[in-house]
1. Given the Cα-Cα distance of V156 and K278 and 0.36 nm per residue of separation, how much length would full extension add, in nm?
2. In nm, to one decimal, how far is the modelled label at D196 from the one at S78, with both set 7 Å along Cα→Cβ?
3. Excluding residues fewer than 8 places away in the same chain, name every one of the lysines whose C-alpha is closer than 24 Å to that of K262.
4. Quick one, what does Rg over Rh come out to for region 180-278 if you take C-alpha atoms and the Kirkwood Rh?
5. Can you bin region 68-126 into rounded, prolate or oblate? Criterion: square roots of the alpha carbon gyration tensor eigenvalues sorted a ≥ b ≥ c, rounded for a/c under 1.5, prolate for a/b above b/c, oblate for the rest.
6. Based on the mean of other Cβ atoms within 10 Å per residue, sort peptides 69-75, 53-59 so the most packed one is first.
7. Equivalent-ellipsoid semi-axes (√(5λ), Cα gyration tensor) for the chain, whole Å, largest first?
8. Hey, what did region 88-150 get for relative contact order, percent, Cα under 8 Å, at least 6 apart?
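Readers should treat all values here as calculations from the given coordinates under stated rules, not as data from a laboratory. What you see is a predicted model; the values in this text were computed from it and never measured. Positions of Cβ are backbone-derived with ideal geometry, glycine not excepted, and every protein chain shown enters the neighbour counts.
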Amino acid sequence: MKHHLVLLLIFPLGINAQNYYRDILGTAETNQMMRLYKKMNVISVTSAGFNENNQPVPGFFEKQEVDSANNLLKITRSYDNRRSAEWLYFDTLDHIIRHIDSSDGFRSETEYIYDDRGRLNVIHNITTDTTLNINESEYHFWEYGPNDVAIKMTRVINAADTTEFRLSADENGNIIEETAYKKNRPGEKVYYYYNDNNQITDVVRYNKKARKLLPDFMFEYSETGKVIQKITTHPNPKLGYIIWRYQFDDSGLKQREANFNKEKKLIGRIDYRYAFAK
């Protein structure tokens, strides 16, 4: 159990990420992170992992290297003989345009295309996994309505499997509902909730087993708008959900993240150390 829980810190949960949350909000968060790194002249970020007893995790390694001149962020990480590397490429506006994620037998390459107004237009991912014999291509085509509000995303898998995701917004332009349509028939719905500052607070779906709406994600924010707590559901019912808490310095750079189980007992944490250009 300890071995499994420690991995939560290094290899994030594969929770069913919703399309608007993952594509639009997630991409924007990645872009903002790179802008902050460049603004603060960060050249590297080294992470130290600790277990539930605040002892260093043996064999843990994670490092981010920022190449501002070439608009590149490289991330290497390892734990318990599991190694991976990521390369994130950005354009001159600090929009991510390419993301490569590679480990033993696995490779995921994602291309991001923007329209002339800087809106995310197309995401194309190719995933290969020789261990599981997977070779999959997936496109996401985003469309927008008035005031640059997303109204639809069309997902095409392997040039054959097509699903539409139609979105609706409130009077402030916040996406509040995402509905999947297969052959024009409505399917699963995702609901998004916001606070008075138009910050997303909950991502909710109907849970068939519980027969009610339950959140996949819940967020809390600092006065400066940083996410300081995120609660995520876990596919293992014994764990229920995981609480992630984040600490930042005055410039907005993340200093620590820790996760806790539903009893609020520490599972592990990561501390971040930054190196800056002179």
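1. Numbers: separation 122, 0.36 × 122 = 43.92 nm, distance 4.65 nm.
Separation in residues times 0.36 nm, less the Cα-Cα distance, equals 39.3 nm.
2. It works out to 5.1 nm between the two label points.
3. Those lysines meeting the cut-off are K2, K208, K209, K212, K226, K230, K238, K254.
4. Details: Rg = 17.2 Å, Rh = 15.9 Å.
Radius of gyration over Kirkwood radius for region 180-278 works out to 1.08.
5. Numbers: a/c = 4.09, a/b = 1.81, b/c = 2.26.
Oblate shape, in that a/c is at least 1.5 and b/c is the bigger or equal ratio.
6. Working: 69-75: 15.0, 53-59: 11.0.
Ranking the peptides 69-75, 53-59 by packing returns 69-75, 53-59.
7. Details: eigenvalues 168, 113, 91 Å².
Ellipsoid semi-axes (Å, largest first): 29, 24, 21.
8. Values: 107 pairs, mean separation 13.1, N = 63.
Over region 88-150, the number comes to 21 percent.
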